[in-house]
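Written below as C-alpha cells is the structure these notes are about.
The values are calculated or read from the model by the stated rules, or taken from the named source; none is laboratory data. Note that the coordinates shown come from a computational prediction; the quantities given were computed from them, not determined experimentally. Reconstructed Cβ throughout: ideal geometry from the backbone, glycine too, with neighbour counts over all protein chains shown.
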Amino acid sequence: MTKKKEENMQWLLENFGYIDSLTAIDETGRIIVKQRFNPRYTEEENRTHNIWAVGKNLLDVFPSISYENSSLMRAISTGKIVYNERQTVWNHLGGKVVTKNLTIPIISRGNIVGAVELSKDITHIENRIPEKKLPTQHDKPLNGAKYVLSDIITRNKSMEEIKKSIVQIANSRSSVLVYGETGTGKELVVSSIHNSGYRKNKPFIALNCAALPENILEGLLFGSRKGAFTGAENKKGIFEEANGGTIYLDEINSMPMALQAKLLRVLQEKTVMPLGASKSIDVDVRVIASTNQTVDELLESKAIREDLLYRLNTISISIPPLRDRIEDIEILVEYFIKKYNEEFEKNVKGLDSSALSFLMDNEWKGNVRELEHVIEAAMNMVESSRMIELENLPAYLTMASPPDDRIEGLSEENEISLTDAMEAYEKRLIINALSQSRWKIVDAAKKLKIPRTSLNYKMEKYGIKKDGNSSY
Ligand SMILES: Nc1ncnc2c1ncn2[C@@H]1O[C@H](COP(=O)(O)OP(=O)(O)OP(=O)(O)O)[C@@H](O)[C@H]1O
Ligand SMILES: [Mg+2]
C-alpha cells in the first residue's frame, strides 16, 4: 500500500469508528439507504431525516451537489473508490455541512449498480480553522477540471506543440478528439483546454463512457422528464448541467452505437432532447472526447460511427507515449519527487544517475501514470535527505519478469519438477540482480534481501560468474 493510501486508511480507522452517516444510492442517484446518526442533531431529527431522504434523488436532498463535485456520483461514473475526500455541501435547509468521505462503488456482475458512502462530519473542526488557513485551490477555477496548462510538465517538442495548440483552440467551440495511450495525460490536456478559455468559469463534466451501462449513460447524458418511464423524475442531463462549459467523454469508443447516433444529433443541432421530453433544449456545450485507439484503429474496429468520428475529430490531438519522449523522464521525476516530498513531508534529494538511466531505458507501458507510481513507491523506500537509488525502485520494475517459458528448461513440452523450476527462476533473479548492481555482490545481496554469504553460496551452486554464464 502506498504511504498516502496508508495514511488515508489510518485516518479512516481512527475516524470511522465513529462515522456520522452512511448513504447508499442506486445507479440513478436515488438514495436507497440513509443512516445518519450524527450527534450534532437529536436522535429524532436524525430519524426523521433518514426517513425523508430515502427514495429521493441525492441531487434533490443536497441541492448544491452536482455530478462533478459529488463523490458518490463520481464513484458511480468512474467505478473507482474515492478515498477520504473532503466535501462541502449545503443541505436542503441551507445549512453548510463539511464531511470527509470514503465512497465505494457497488459492482454487480461487472456493472456499477450504485455506491455507498461513509461520512464523517467535520464541520465543527473546519469552523475552528481560521479562514485564511483553509486549503486553497491555488489559481485553479473550481469547475471540475482539475488541471491547468502549467500542470503539463514537458521538455519534449511535440508536447510543447500540444501546449501551444491548447492555447490556440481553447476559445473555439469545435469538438476535439484526444488520442493517447493510458497514462499519457489525456485528462490533463482536456482539463487544460477547458481552463485556458472563456469557458473556465463554467462547468466541466467528465464522463467515462466505458464505465456505465447504456440506459444509465443515456439518462446521464441527455436527462429525463417526469413520465418518460416508470419512476422517471425531472432530471437534467450533463448537456444541460454543463451549459456554457465543456463535457469530457472519456473512452468514447466504448459508447454504445445507439447513443453515438444521439450524440451526433446533439453535436449537429446544438440541442438536446431529454428522455420523455416534448421539446428540445438549446445547449452551448463544447464536447471533448478521448480514446486510446488511433483514428485508423477506430475506423478498422468500427467501434465508433464514422460520421461521429469525423465530427469529433474537427480538432485532433495525439499525445505521444512516454517511451517516445524520454527527455521528459528526468523533468517529470524531479516534479514528482517535489510533489511527494511535500505530501510525505520528506526531503528526498533526487534520483541518482544509474536509477535515472534505468528509468530512461524502461518501456513505460503505463506511461506518465506508471512513472509517477514508481516515484511514489520509491519515495516510500528511501530515507529523507537521500537520493533515490536503483535499489529503492519497486522490485517489479528492476527484477526479472515472472517465470515463463523463456526460462531454461521450462516449457510446456518439457515437464520439469517444481524444484527445478524454482531453481531456474532463482538463478534468473540472481543474475538480474547482479547485472543491475554491476556485479557488486554486496549491492546485489541487498537488492535480493538475502545475506551476502547466501548469495555467494548460491552463485557457486549455480555456477554464476561475471563473464561465464554461458549456461544462461
Ligand atoms: N506531462 C505531465 N506532467 C505532469 N503530470 C502528468 C503528465 N502527464 C500525465 N501526468 C500525470 O499522470 C497521471 C495520468 O494522467 P491522465 O489521467 O491525464 O492520463 P490519461 O491519459 O487520462 O490516462 P487513462 O487513459 O488511463 O485515463 C496523472 O496523475 C497526471 O497528473
Ligand atoms: Mg483518463
Test: residue in segment 179-192 that is surrounded by 15 or more Cβ atoms within 10 Å (Cβ to Cβ) and away from ligand 2 (no atom under 16 Å from the Cβ): no
From the options Thr314, Thr294, residue that is under 23 Å from the mean Cα position of the chain (by Cα), among the hydroxyl-bearing types (Ser, Thr, Tyr) and either surrounded by fewer than 19 Cβ atoms within 10 Å (Cβ to Cβ) or within 11 Å of ligand 1 (Cβ to nearest atom) (or both): Thr294
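Residue by residue, here is whether (1) under 17 Å from Gln436 (Cα atoms); (2) at pLDDT below 90; (3) part of a helix (DSSP H, G or I) holds:
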site: Lys365; (1), (2), (3): no, no, no
site: Arg369; (1), (2), (3): no, no, yes
site: Ile375; (1), (2), (3): no, no, yes
site: Asn380; (1), (2), (3): no, yes, yes
site: Ser384; (1), (2), (3): no, yes, no
site: Glu391; (1), (2), (3): yes, yes, yes
site: Tyr396; (1), (2), (3): yes, yes, yes
site: Ser401; (1), (2), (3): yes, yes, no
site: Asp405; (1), (2), (3): no, yes, no
Members of segment 251-292 found to be away from ligand 2 (no atom under 16 Å from the Cβ) and of a type in the set (S, T, N, Q), listed by number: Gln260, Gln268, Thr271, Ser278, Ser280
Residue count, segment 192-215 (criterion: part of a helix (DSSP H, G or I) and either more than 22 Å from Lys164 (Cα to Cα) or not assigned by TED's automatic domain parsing to the domain that holds Ile288 (or both)): 2
Selection from segment 266-292 of residues that are closer than 22 Å to Val178 by Cβ and part of a strand (DSSP E or B): Arg286, Val287, Ile288, Ala289, Ser290, Thr291
Residues that are crowded, with 19+ Cβ neighbours inside 10 Å and either more than 16 Å from ligand 2 (Cβ to nearest atom) or among the charged types (D, E, K, R) (or both), drawn from segment 321-363: Arg325, Asp328, Ile329, Leu332, Val333, Phe336, Ile337, Tyr340, Val348, Leu351, Ala355, Leu359
Candidate set: segment 218-265, residues that are of a type in the set (Ser, Thr, Tyr) and assigned to a strand (DSSP E or B); chosen: the one modelled with the lowest pLDDT: Ser224
Filter pass, Asp282 being in contact with a Leu (Cβ under 8 Å, 6 or more places away or on another chain) and on the phi < 0 side of the Ramachandran plot: no
